[in-house]
């Protein structure tokens, strides 16, 4: 029997699955990547989504309001809606979180403040009992965690969704339904990519009154813990995909 497959939706080559790939592979899942810009013909049909046991949607330069300019976004949103109907596990990261919220009917809104580099997110009580986000709670002594960002957009909480983390009113993590999670932060991004994004966005940081050198320092301090958190959350999501595959 072939291994269960997880569809990874790649929007930009500089934001790939990164630290989340190893725990999926270790769990025995096959990673199938759809590059929306460079391989538009690789998009699975909505009525063929059942071949997969999970979806992971990554970050993007595009935003939800840009949907009219990007046909792939409409198709990806339809895939997410189908996954929600099926109860198929979904994990959205940054843009992926925003698109998942839109697929679940939530309104778009700009982030109250841009979140660049390292910020603190406060986990809710519900996070401790969540099957995918709970490892983040276990890794924190205070209920707060350091998370890595690069976004200017946000969204409202979908109706019926469970808030799992927030920062001063910004939704940082949520679960919609029983098996779909959005993380506004880039849990997938490891040290090398963090440093590359900071270097490439130095002017953006400075325009926002942020010190790039400070965020480089924090990346060096946090990288090992953040990698372990990504591995633990990835392993938890992999278990959700395996359980879904066993029921299908």
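Every number in this text was worked out from the coordinates using simple rules, so none of it is lab data. Because the structure is a prediction, the values reported are computed rather than measured.
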Would you mind checking the tilt of helix 212-247 against the longest principal axis of the Cα atoms of the chain, expressed as 0 to 90 degrees and rounded to 10?
-> 20
Euclidean distance of C-alpha centroids, segment 1-34 and segment 143-212, integer Å | 20
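Nearest 5 is fine: what % of DSSP beta bridges in the chain come out antiparallel, could you say? Don't skip to the end; give the middle numbers.
Working: 22 of 38 bridges.
So the antiparallel bridges amount to about 60 percent of the total.
Evaluate the relative contact order of segment 1-140 (contact order divided by residue number), counting alpha-carbon pairs under 8 angstrom at least 6 apart; express in whole percent.
Numbers: 168 pairs, mean separation 29.8, N = 140.
21 percent.
Translational diffusion coefficient of segment 55-175 at 37 °C, 0.692 mPa s, Stokes-Einstein with Kirkwood Rh over Cα pairs, in µm²/s as a whole number.
Numbers: Rh = 14.8 Å.
Estimated via Stokes-Einstein, D reaches 222 µm²/s.
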Radius of gyration and Dmax for segment 5-247's Cα atoms, expressed in Å?
-> 16.6, 50
In a Gaussian network model over the chain where Cα atoms closer than 10 Å are linked, find which of 115, 214, 67 has the largest mean-square fluctuation.
-> 214
Taking Cα atoms, the helix 191-200 axis meets the longest principal axis of the chain at an angle in degrees (rounded to 10) of 60
When only C-alpha pairs under 8 Å and at least 6 residues apart count, what is the relative contact order of the chain, in percent?
-> 23
Mean residue ellipticity (222 nm) of the chain, computed from DSSP H runs ≥ 4 via -39,500 (n - 2.57), nearest 500 = -11000 deg cm²/dmol
